[in-house]
Amino acid sequence: MTIKISFGLLVFIVVIAVSLWVYLNSKQTQAIQGAIHGLGLQEKQALIVAELTTTEVFSKTEYNYLFKDFPFGDTTTSIKLTAHYQYYLKLSELSYELKGDTLVFKSPRLYPLLPVAFDIDTIAEDCQAHFLAPDCKESLQHLKSEISQQMPQLAKLRISMVYDKAAKSLADIFYNFLTYKSYPIGFSKIRVVIGEENSKSSRVYAYDPNCWLIECLAE
């Protein structure tokens, strides 16, 4: 009789534990969905998660030609400027799941925001022309046209430099919003996986669930 009661009690406890786990997990999922809605992410198509400022130098050499075959009179132009790259995630591609105390975000790609912005005040032009060389003004104009075509390619090449910033930014944006709005938090880590990376690596960030945004910023 005692064995039957103990077994029945054990089954009851297991059922209660499983039900409680399902309930709490459901609550966490609802909280995350609520946070996404509160952030307005459902209405947005992109979330800027990284910025990069670099100095870029472009150069070009042009020639005049004799009988279209023999070059002479070279003109070398160069343009230096400060470029501001921004990178975003497509929210329609962003997925998440709870794994124990870790919230996992996954995104297949990081995208450059185009066109690339740059400071007009930082533009420095230079032209070195020899005898019977192409006109500097025209050569500079040709180079400017090529720059507008090269900038998108440079933005893509620079993506590898901002994976860390992008992953940390996504984790911070979401966690800070959760704490600021007092959403119930049942995880202490956020893992971000950006599938475009060659190493298929991920980054994990640990957070103090007892630390509120304003308090953390004050420290």
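The values are calculated or read from the model by the stated rules, or taken from the named source; none is laboratory data. Treat the numbers as computed from the prediction; the structure is a model and nothing was measured. Heads up, the Cβs are rebuilt from the backbone with ideal geometry, glycines too, and the neighbour counts pull from every protein chain shown. The protein model used for the area step is the full one, side chains on, heavy atoms only, and it has no ligands, DNA or RNA in it. Shrake-Rupley method; radii C 1.70, N 1.55, O 1.52, S 1.80 Å.
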Residue, nearest to Thr76 (Cα to Cα), within the stretch 125-140, restricted to residues that are open to solvent by 60 Å² or more (accessible area, probe 1.4 Å) and touching a Ser or Thr at 6+ places or on another chain (Cβ under 9 Å): Gln128
Across the stretch 82-124, what is the total count of residues that are assigned to a loop (DSSP other than H, G, I, E, B), in contact with a strand residue (DSSP E or B) (Cβ under 7 Å, 6 or more places away or on another chain) and open to solvent by 30 Å² or more (accessible area, probe 1.4 Å)? 5
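Hey, among Ser160, Ser145, Ser169, which residue is over 26 Å from the mean Cα position of the chain (by Cα) and in a helix (DSSP H, G or I)?
Result: Ser145 is the single residue among Ser160, Ser145, Ser169 that is over 26 Å from the mean Cα position of the chain (by Cα) and in a helix (DSSP H, G or I).
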